[in-house]
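The values are calculated or read from the model by the stated rules, or taken from the named source; none is laboratory data. Quick caveat: nothing in here was measured; it's all calculated off a predicted structure. Don't worry about glycine lacking a Cβ; one is built from the backbone with ideal geometry, like all the others, and counts go over all protein chains shown.
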Amino acid sequence: MLPETLRWTGEIEGALELIDQRQLPGSLVYMSCTTTGQVFDAIRSLAVRGAPAIGVAAAYGAVIGAREQADPLAGLVRGCEYLATSRPTAVNLFWALDRMKRFGQSLAARNLSQPEFLGELLAEARRIHDEDIAMCRSIGRYGADFIRDGDGVLTHCNAGSLATSYFGTALAVIYEAQQQGKRFRVYADETRPVLQGARLTHWELYQAGVDVTLLCDNMAGSAMKQGKIQRVIVGADRIAANGDTANKIGTYSVAVLARHHQIPFYVAAPASTFDLAIPDGSHIPIEERNPDEVRTFGSAKTSLPDAKVWNPAFDVTPADLITAIITDRGVISPPNRTTVQKLIDTER
């Protein structure tokens, strides 16, 4: 059974507890956040990562922000503005913070006491948390049909339970197919430079009893050529209105390789990952991270200490390389401006 990625303990004076993913796979350790600064640092440092998990953590962080000031609405707004600066690419962060801020503003007219205001706000954060779990389950149900007995499935980075409240996005498809009794193999790219595939995806698939093999990033093309891979499933951090998708750096390369080898390439993400205000992938902000992530491999130095480094955390896969986008509301195929708009509008 997979562990909870994050949870809220207690009531309005409680804490956000989350797996410190920097410690995996060596240690399964929960860290406790009781200030907005701690939530900010957890998101920024990748203690919690994955677009849906960041969004849920930020929702609870908004509750913490509200209780840090005598005026809880002012604290909420301040906390949301601060947390929004933690990472720029994953749209779920901004979606969750905007929802919490709008909800808090709707409470202001009710003349609630501070405990009542915070109680209502915590209930809304818990709803976001519960909805995320339900969305992941739905993605798994919609996507499992794409996996067949005997398949080799390649995934990149971590879009599993650790990247969400529970179950995952891309890995939800795998877990659902496993629960249906299908027999298949998963190949996990290590995902340099922070090794989310090696440290996190391989770890959680192994915990779940999935047949998983770890690959260096530069082995994917060879594995495809040798017929080991029949489909690719990845997650997403932001999807533009035309279906262009931002995901962990290296995803675009995998998509190009899949197209060359005529292998279906699927993206799995909830509706909250779509940003219809962005027309295409060229407008998605791409986070650039600390060069030392590339200059080192764990504690070992792998370059000169002053080596010039370019370290974007994400790249953009154009919609025309994506076979389908698997969402909690259904499957978008082929992804384009019309099909994306049609599905995302279905429950608005």
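Just a few scattered comments:
- Among the residues listed as VAL316, VAL309, the single one being surrounded by fewer than 16 Cβ atoms within 10 Å (Cβ to Cβ) and of a type in the set (A, V, I, L, M): VAL309
- Selection of the stretch 1-18 for residues being outside any loop (DSSP other than H, G, I, E, B) and of a type in the set (Ser, Thr, Tyr) yields only THR9.
- In the stretch 1-27, the residues that are touching a residue at least 24 places away in the same chain (Cβ under 8 Å) and within 23 Å of VAL63 (Cβ to Cβ) form Cβ pairs under 9 Å with partners that are aliphatic (A, V, I, L, M) and loosely packed, with under 14 Cβ neighbours inside 10 Å, at six or more places apart or across chains, as follows: PRO3/LEU28; ILE19/LEU28; ILE19/VAL29; ASP20/LEU28; ASP20/VAL29.
- Among the residues of the stretch 123-137, the one identified as crowded, with 17+ Cβ neighbours inside 10 Å and over 17 Å from ALA53 (Cβ atoms) is GLU124.
- Among the residues of the stretch 74-89, the ones that are β-branched (Val, Ile, Thr) and over 21 Å from the mean Cα position of the chain (by Cα) come to 1 in all.
- Filtering the stretch 19-40 for residues that are in a loop (DSSP other than H, G, I, E, B), closer than 20 Å to ILE128 by Cβ and among the charged types (D, E, K, R) leaves an empty set.
- Taking every residue in the stretch 135-151 that is of a type in the set (Asp, Glu) and pairing it with any residue that is crowded, with 17+ Cβ neighbours inside 10 Å, at least 6 positions away or on another chain, the pairs with Cβ-Cβ distances below 8 Å are ASP149/PHE184; ASP151/PHE184; ASP151/GLN230; ASP151/ARG231.
- Qualifying residue in the stretch 198-209 (condition: touching a helix residue (DSSP H, G or I) at 6+ places or on another chain (Cβ under 8 Å), of a type in the set (Asp, Glu), in contact (Cβ under 8 Å) with a residue 60 or more places away in the chain and not assigned by TED's automatic domain parsing to the domain that holds GLY235): no
- Among residues of the stretch 253-274 that are within 13 Å of VAL340 (Cα to Cα), those with a Cβ under 9 angstrom from a residue that is of a type in the set (Phe, Trp, Tyr), sequence gap 6+ or separate chain, pair up as SER272/TRP95; THR273/TRP95.
- Some residue of the stretch 276-284 being in contact (Cβ under 8 Å) with a residue 24 or more places away in the chain, crowded, with 21+ Cβ neighbours inside 10 Å and of a type in the set (Asp, Glu): no
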